[in-house]
Amino acid sequence: MRVECEVGGRTLRAGCAPRNERRALAALSAFERAGAVSDGTEILFGWSPLRLADDGDGALAACELDFGAWPERRWHDSIDVTLDVLEAQSQLLRRADATGEDVAFAQVVLAAPGAIDEPRVFMRRTAALAAEDSGWLVGALDDPEALTVADRLEAVAIAALVTRRPALLQPLVLPEGYVAIVTRDAVEQVLDGGGRERL
């Protein structure tokens, strides 16, 4: 489906599944804060960039990255991936009763060799060391020591997780100090910085 609204005197549209109608309208409204509503305007909406493109009739369509093409920056006119991940992240924060800390699509997680593809992994958020660092470390549950070999860690862009291991996107808004255990496609457990079980 397509939703639309008026923002800054322009008609903005977004393609999305019916489940995302309300969230798509919120995304379109977010462009108003960008200060310019025109072809090429780009914002960061939660973890993901959205960009306005001429829709051919004076309206502007919101587009998200084609994550399958990453690191090439191609765009397509549905924003469901962005909205689905944001909803999953919001649900996890509510269940864990935690206050979120955003990450961005171009930041990286540091993973032990092969850990991203392991069925059971743990994720730990530490202080970020640079702008491109999300602070997240990923290791296999059965080999936690592999994270201690710093020169062997793999830097994986958050955008690449959409196709490589989408289940790891949900915990990325948990705050510094938190640990999440992910089994295949689901977050199994969340611990806070004091080691208390939150999920």
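What follows is calculated from the coordinates using simple rules that are stated; it is not laboratory data. Because the structure is a prediction, the values reported are computed rather than measured. Methodologically, a virtual Cβ is constructed for each residue, glycine included, from the backbone with ideal geometry; neighbour enumeration extends over all protein chains shown.
In this label model, Glu154 and Thr183 are separated by 2.3 nm, measuring between points 7 Å along each Cα→Cβ vector.
Helical runs (DSSP H, four residues minimum) scored at -39500 (n - 2.57) apiece and divided by the length of the chain put the mean residue ellipticity at 222 nm at -5000 deg cm²/dmol. Take the Cα of Arg164, step 7 Å toward its Cβ, do the same at Arg22, and the gap between the two points is 3.4 nm. Fully extending the segment from Arg33 to Arg2, taken as 0.36 nm per residue of separation minus the present Cα-Cα distance, adds 9.0 nm.
Here the calculated FRET efficiency for Glu176 and Asp143, from their Cβ-Cβ distance with R0 = 30 Å, stands at 0.80, rounded to the nearest 0.05.
Placing a label point 7 Å from the Cα of Asp102 along the Cα-to-Cβ direction, the residues of region 44-58 whose backbone N falls under 12 Å from that point are 44-50.
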